[in-house]
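S.K.: Here it is, the structure in full.
The values are calculated or read from the model by the stated rules, or taken from the named source; none is laboratory data. Worth saying up front: this structure is predicted, and the values here are computed from it rather than measured. FYI the Cβ positions are ideal-geometry reconstructions off the backbone, even for glycines, and counts take in every protein chain you see. Note: accessible area is taken over every heavy atom of the protein model, side chains too, but ligands, DNA and RNA are not part of it. Shrake-Rupley method; radii C 1.70, N 1.55, O 1.52, S 1.80 Å.
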Amino acid sequence: MAIVIGLVIHTSHRTVFEEAARTLSGVRLEWVLYEHEDEIRPRVQELVGREKLNGLLLGQVPFAKSRDLLPADLSVTVTKSAGLDLSIAFFRAQARRWPATPVSIDTFDPETVDEVTQALELDRGQVACLPYNPEQSVEEIVDFHRRFQERTGAAYAISLRTAVTARLAGSVPVLNALPGVATIRANLHELALRIQSRQASASRFAAGVFLPVTQDAQADLDRARIGLMNLLVNTPEFSEAWIENRDRRGVVVFAHKALFEHVTHNWVSLPILDQAQEMLGIRLAAGFGVGGSARTCVQLAEWAASRAEQESTPSAYLVEDSGVIIGPMNGPVSDPESPLAFTYRDHGGDLEGLARRAGLSAATLSRLAALERSLEGRLISPSDLAASLGITDPSGRRLIRKLSESGLVTEEGSEQMHRKGRPTRLYRLGIGSALTGETSPS
């Protein structure tokens, strides 16, 4: 089955993207083309409503305008022009016999500008850089370029914004530094490989172990297991699973990892725990295991189920062969008393040390690390962070401030959710990079 990737691009860029995608195979592209930026949001909304996308490739502006429309499980790559694209813009200026500096540049990260000017031995003091900010209007960017030209007499400007280029036409010469074929091809291939890896992960076999738990030694556990097995067999979500009664080892279920992700709402809750309590009158402990073999899956699932048995309420845990543990999962998603906890086996000394320096518990920091991995580079608002961790919005904002003080999160723009409301700030988690720094040699 072909991978379906959506592309959100300006109409004038289609030829470059088609050339970049020429080497892709097994991928079907769905194009969203726009002439003006106000067309982006409705067209992205139409695409995600019409197509079951595996991935989406779009620029910074389209991402900022449509971020809240994108499904949470969609693999997304935001294209950014690389140093190579900026270097090519400087060479094009040289070909036109324009002096390389002074010049004003918009949208590029200052780090990229520093790297390129140093490599080309240009005077960085003669280069003005206006980094991308979703709150900036086209008018503000145009004004930045015009004021710089009036002040310095710059022969040209470098821009990544099509609308800016159009506004400056006739007054300031503009060279675009849009992503070239090589940059786009790298982005597309990386996205396709990430989707394939995600699909392969979802196709891995996993095991679930369901154990009736009782304090009554006289209880008929055999009858409870039979009732539990009938409940699982008659649950539609388990229709594609292999279900087997293994007596004292409980009821064992084999299925693809994706099936278990579905029935647990991505490892958040397990409704069948409440169903077993209500219909069979038994407290259920469940464990899920994901490993490299069926035997490993069952062993991990049994380990997870034994941990779930220690809880005072029906619950479930997941244990992966990588050492990641997720739990406890309880019944309803809305249960406020049992927020999802992510952790690593024994946490690890590096995580413990980083948690101490940040003034957080290791469990909280590891939950944040797992959340960061699930975001796959996407930004998050304080309210979304709170919802993911099962805490209140004020607690989420306080946690953001604490992370910011420790350098574990950076603010990277905002989004306007409602026309009359205040913009919502967006943040990028940096737990993974901080841990990498903890483990790297000094």
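S.K.: For residue 218, which of the numbered conditions (1) among the polar types (S, T, N, Q); (2) modelled with pLDDT of 85 or more; (3) not in a helix (DSSP H, G or I) fails to hold?
M.R.: Unmet for residue 218, out of (1) among the polar types (S, T, N, Q); (2) modelled with pLDDT of 85 or more; (3) not in a helix (DSSP H, G or I): (2).
S.K.: If residue 197 meets every condition in (1) touching a residue at least 24 places away in the same chain (Cβ under 8 Å); (2) open to solvent by 20 Å² or more (accessible area, probe 1.4 Å) apart from one, which number is that one?
M.R.: (1)
S.K.: I'd like to check something: does the stretch 203-212 contain any residue that is without any contact (Cβ under 8 Å) to a residue 60 or more places away in the chain and either touching a helix residue (DSSP H, G or I) at 6+ places or on another chain (Cβ under 8 Å) or not in a loop (DSSP other than H, G, I, E, B) (or both)?
M.R.: Scanning the stretch 203-212 turns up at least one residue that is without any contact (Cβ under 8 Å) to a residue 60 or more places away in the chain and either touching a helix residue (DSSP H, G or I) at 6+ places or on another chain (Cβ under 8 Å) or not in a loop (DSSP other than H, G, I, E, B) (or both).
S.K.: Go through the stretch 267-287 residue by residue and tally those that are surrounded by 19 or more Cβ atoms within 10 Å (Cβ to Cβ) and closer than 25 Å to residue 220 by Cα. Quick ask: steps written out before the conclusion?
M.R.: First, the residues of the stretch 267-287 that are surrounded by 19 or more Cβ atoms within 10 Å (Cβ to Cβ): 267, 269-270, 272-273, 276, 282-287.
Those still in the list that are closer than 25 Å to residue 220 by Cα too: 270, 272-273, 276, 282-287.
The qualifying residues number 10.
S.K.: Please find, within the stretch 232-265, the residue that is most open to solvent (accessible area, probe 1.4 Å) out of those that are more than 17 Å from residue 305 (Cβ to Cβ) and assigned to a loop (DSSP other than H, G, I, E, B).
M.R.: 240
S.K.: Within the stretch 184-212, can you find the residues that are over 30 Å from residue 85 (Cβ atoms) and polar (S, T, N, Q)? Before the answer, list the steps.
M.R.: Start the filter on the stretch 184-212 by keeping residues that are over 30 Å from residue 85 (Cβ atoms), which leaves 199-212.
The answer is 199, 201, 203.
S.K.: Can you tell me how many residues within the stretch 70-87 are closer than 14 Å to residue 108 by Cα and among the aliphatic types (A, V, I, L, M)? Explain how you work it out, then say what you get.
M.R.: Initial filter on the stretch 70-87 (closer than 14 Å to residue 108 by Cα): 78-87.
Then keep just the ones that are among the aliphatic types (A, V, I, L, M); that gives 78, 82, 84, 86.
Total satisfying the criteria: 4.
S.K.: Of 430, 407, 396, 437, which residue is at pLDDT below 80 and under 22 Å from the mean Cα position of the chain (by Cα)?
M.R.: Values: 430 fails: at pLDDT below 80; 407 fails: at pLDDT below 80; 396 fails: at pLDDT below 80.
Of the residues listed, the single one that is at pLDDT below 80 and under 22 Å from the mean Cα position of the chain (by Cα) is 437.
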